[in-house]
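The values are calculated or read from the model by the stated rules, or taken from the named source; none is laboratory data. Everything quoted here is computed from the prediction, not taken from an experiment. In this analysis, Cβ positions are derived from the backbone assuming ideal geometry, glycine residues included, and neighbour counts consider all displayed protein chains. Calculation scope for accessible area: heavy atoms of the full protein, side chains included, ligands and nucleic acids excluded. Shrake-Rupley method; radii C 1.70, N 1.55, O 1.52, S 1.80 Å.
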Amino acid sequence: MKRYVISVLVDNHSGVLSRVAGLFSRRGYNIDSISVGETQDPTVSRMTIVAHVDDAILEQIIKQLDKLVDVLKVAVLPAETSVYRELVLIKVKAEDHTRATVSDIIKVFRAKIVDIAPKSMTVEITGDQPKIKALIDLLEPHGILEVVRAGLIGLHRGDQNILTQEDV
Amino acid sequence: MQLTGAEILIECLLEQQVDTIFGYPGGAVLNIYDALAKYSDRITHYLPSHEQGAAHAADGYARSTGKVGVCVATSGPGACNLVTGIATAYMDSVPLIAITGNVPLSLLGKDSFQEVDIFGITMPITKHNFMVKNVEELAATVRKAFFIAQDGRPGPVLIDIPKDVTAQKAEYVRETPKPIGRHTKNITPEAIENAIRMLKKSERPLVYVGGGAVQADAGAELQEFVRIINAPVVSSLMGLGAYPGTDPYFCGLIGMHGTKTSNLSASKCDLLIAVGARFSDRVVSNPKRFAPNASILHIDIDPAEINKNIKTHGYIIGDVKIALQKLLEAMADEEFRDTSEWLQQVNEWRETYPLTYNGGGLQPQYIVERIYALTDGEALITTEVGQNQIWSAQYYKFSKPRTFISSGGLGTMGFGLGAAIGTQIGNPDKRVINIAGDGSFRMNCNELATAVEYELPIIIVILNNRALGMVKQWQDLFYDRRFSQSIVDRQTDFVKLAEAYGAVGFNLTRKEDVDEVLTQALAARQPVVINCEINPDEKVFPIIPPGGAIDDPIMGVNQ
Ligand SMILES: Cc1ncc(C[n+]2csc(CCOP(=O)(O)OP(=O)(O)O)c2C)c(N)n1
């Protein structure tokens, strides 16, 4: 089992998200995250799906996605030649005596404080998942109140793009 | 020209050469039915007793003719009643268009009267589905739906249309349908070369045929291929008819109720060539013990079938007929190994393990054999599900594609009668016989009214064992004879029932009367029900016990 980041271009139709999500649940493929948004072309959306699966299941995921009429292109973004990013908001306990320590941790991670309240602060961090995990681990002892994740997204590095990548 | 949405819909059906549809009216499709009346000189609409009957009829029409089947239902309950029929078509890759009305746009999403999210409900059981919210998009959507239903691996497509969209007007310009090409772009020289390499190495090849070979009409190519490599042939339930059942190379069904010869061949072959087949669990049983000595060469139109259920060693992705043609071209200059020892071995198995039945009384297998004889093997056979289905598959030697119409993937009891209606309508000159169980027949026997109304000379042969036979058989063999809810000795008089609907009824209780009753039924030229009081303990053999290897079947009661 390995983590794969799968990028899917889809027609921007109503129902396409439930079609893709339905495919995964119906066929029993577990996904870690799924994120969707419009691309430079407003008629096309791009989904990024992260799944921990073995090679045989990955092959099925790609082929089954490819069969959906709304799917225009499926690509696996290889870790070595892609950039992965995720945006996460974390609300962490921070009172007078701990605020400075928490702020220091956040600074080291180049994360941003986007809101401060008397008993907490909200942190925004962007990065690949190991970095985010490291921050969460360090904030944990201070008391994490809420976490919300945008889901991983990614692009090929360099001039390559999803459409130039050969079909699998 | 400015037309209403309903008229545009029908014009688009006409573009596709549709002249037959099956449907049931209701509030949300009133505009469509109003327009249908106007077009009744060009489209014949058949009204069943129940929307499920419409879906199965459209399915039977499609399976037996190779054309697209079309069914229509109103919103809410009408649409829901199509669901089993759509799923049945989906599992067997049948090109079907289901058109449903829905509540007007302004009422969508408000739990309005007879509103149901049929678009959401049918997402996992259609190849694709649409909701048309703008009349300007209707024609393009219908055209796309027909293309999708037929292109590549066929399947059902649903179009949901809110009522006001069928009333609004838009400009309509007639178009000729986009041609449906056979898929060939992935039939690469490398794939063919690899296939040839595998074929040349093999001393014990076996050809396993599935429904894709029927769809692609690959019978002639298959026969030529088989004769060059000298391989025995086995078939899935869906493949029956693709390869002649009377051919000396043919070994019969493979899998759960396959012949012991077919299943032993699968276990001992060194190369299994799957042609338009998908290694369903009913064929494979236990994947770890399936074809343990074989390399697998898989020829299929759907890339997702490759490596899905069984790991393959070579494949050709594309239209099965063209793939075989390309393969045959490449095979012309090649020599293949002598397989005579293998064929001899297979023939020995065939002699040692023939399909047999020896129970007493009126034997269902005998009835099927006589149906075969008295129709010269030329009938179109629809079946229900259960023992009746498997006996039909085993004892009627299907020799042409599209002659065995049966719900394989979903196993839908109640399919056969509706399917027979659509099959007869699509093939007015052929004899159509629905081989049924009493349980399955009881599910949708309301469609007898339809057969009578449209004067369809369908013969329904009920193999009446006063039980849900296949369930009872499993309980008998694997549940210590605890017959929980499977003995249904209801007091239905099927002859009177037939007569009440306006059909002809016969009771058949003795083996010696089989020919006479069948002959009378065939001569009647109107819907006939034959209630056959078969031996209630008769079972389907061989049968692979759950989880077993396919070459280790239970062959009969005395084993
Ligand atoms: C709609 C539906 N419900 C339940 C089943 C499960 N099932 C499979 S075979 C069978 C018994 C069928 O009985 P009958 O039609 O009398 O046929 P027989 O096996 O006796 O020939 C049942 C209940 C099914 N296949 N389809």
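Determine whether segment B:460-468 contains at least one residue that is touching a Ser or Thr at 6+ places or on another chain (Cβ under 6 Å) and either under 22 Å from B:Ser392 (Cα atoms) or surrounded by 15 or more Cβ atoms within 10 Å (Cβ to Cβ) (or both). Give the derivation first.
Quick first cut of segment B:460-468, residues touching a Ser or Thr at 6+ places or on another chain (Cβ under 6 Å) only: B:467-468.
Add one more test, that the residue is either under 22 Å from B:Ser392 (Cα atoms) or surrounded by 15 or more Cβ atoms within 10 Å (Cβ to Cβ) (or both), and what stays is B:467-468.
Yes, segment B:460-468 has at least one match.
Selection over segment A:118-146 of residues that are part of a strand (DSSP E or B) and open to solvent by 30 Å² or more (accessible area, probe 1.4 Å) gives a count of 5.
If I ask for residues that are away from chain A (no Cβ under 14 Å) and surrounded by fewer than 24 Cβ atoms within 10 Å (Cβ to Cβ), which ones from segment B:298-315 would you list?
So the first thing to find is which residues in segment B:298-315 are away from chain A (no Cβ under 14 Å), and the list is B:299, B:313-314.
Matches in segment B:298-315: B:His313, B:Gly314.
Take the conditions (1) assigned to a loop (DSSP other than H, G, I, E, B); (2) within 16 Å of the ligand (Cβ to nearest atom); (3) surrounded by fewer than 24 Cβ atoms within 10 Å (Cβ to Cβ); B:Trp474 misses just one of them, which is (1). Looking at segment B:84-92, is at least one residue more than 16 Å from the ligand (Cβ to nearest atom) and either buried (at least 24 other Cβ atoms within 10 Å of the Cβ) or under 19 Å from the mean Cα position of the chain (by Cα) (or both)? No, there is no match, as no residue in segment B:84-92 is more than 16 Å from the ligand (Cβ to nearest atom) and either buried (at least 24 other Cβ atoms within 10 Å of the Cβ) or under 19 Å from the mean Cα position of the chain (by Cα) (or both). Beta carbons closer than 6 Å, at least 6 apart along the sequence or on distinct chains, pair a first residue in segment B:434-451 that is not assigned by TED's automatic domain parsing to the domain that holds B:Leu47 with a second that is of a type in the set (S, T, N, Q) and more than 7 Å from the ligand (Cβ to nearest atom) for B:Asn434/B:Thr382; B:Ile435/B:Thr383; B:Ile435/B:Ser392; B:Asp438/B:Asn464; B:Asn446/B:Ser49; B:Glu447/B:Ser49; B:Ala449/B:Ser49; B:Thr450/B:Ser49. For the residues B:Gln394, B:Gln387, the requirement of being closer than 23 Å to B:Ile534 by Cβ, touching a residue at least 60 places away in the same chain (Cβ under 8 Å) and open to solvent by less than 20 Å² (accessible area, probe 1.4 Å) singles out B:Gln387. Scanning segment B:226-241 for residues that are more than 23 Å from B:Val540 (Cα to Cα) and either open to solvent by less than 10 Å² (accessible area, probe 1.4 Å) or touching a Pro at 6+ places or on another chain (Cβ under 9 Å) (or both) turns up B:Val226, B:Ile229, B:Asn230, B:Ala231, B:Pro232. B:Ser484 meets the conditions (1) part of a loop (DSSP other than H, G, I, E, B); (2) touching a helix residue (DSSP H, G or I) at 6+ places or on another chain (Cβ under 6 Å); (3) small (Gly, Ala, Ser) in every case but one. The failed one is (2). Of the residues making up segment B:31-40, at least one is within 16 Å of B:Glu51 (Cβ to Cβ) and in contact (Cβ under 8 Å) with a residue 40 or more places away in the chain. Among the candidates B:Ala139, B:Ala87, the residue that is small (Gly, Ala, Ser), within 13 Å of chain A (Cβ to nearest Cβ), part of a helix (DSSP H, G or I) and under 27 Å from B:Gly422 (Cα atoms) is uniquely B:Ala87. A search for C-beta distances below 6 Å between a residue of segment B:452-466 that is farther than 13 Å from B:Gly418 by Cα and more than 9 Å from the ligand (Cβ to nearest atom) and any residue that is modelled with pLDDT of 95 or more and aliphatic (A, V, I, L, M), counting only pairs 6+ apart in sequence or on different chains, returns B:Val461/B:Ile435; B:Val461/B:Ile530.
Of all residues in segment B:108-134, which are touching a residue at least 24 places away in the same chain (Cβ under 8 Å) and either facing another protein chain (nearest Cβ under 10 Å) or in contact with a Phe, Trp or Tyr (Cβ under 7 Å, 6 or more places away or on another chain) (or both)? Result: B:Phe119, B:Ile125, B:Thr126, B:Lys127, B:His128, B:Asn129, B:Phe130, B:Met131, B:Lys133.
Results for (1) within 14 Å of chain B (Cβ to nearest Cβ); (2) within 26 Å of A:Thr164 (Cβ to Cβ), shown as yes or no for each residue.
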position: A:Ile34; (1), (2): no, yes
position: A:Asp70; (1), (2): yes, yes
position: A:Leu87; (1), (2): no, no
position: A:Val102; (1), (2): no, no
position: A:Ile105; (1), (2): no, no
position: A:Met121; (1), (2): no, no
position: A:Ile125; (1), (2): no, no
position: A:Lys131; (1), (2): no, no
position: A:Ala134; (1), (2): no, no
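Of everything listed in (1) away from the ligand (no atom under 16 Å from the Cβ); (2) of a type outside the set (Ser, Thr, Tyr); (3) open to solvent by 20 Å² or more (accessible area, probe 1.4 Å); (4) not in a loop (DSSP other than H, G, I, E, B), the single unmet condition for B:Gln424 is (3).
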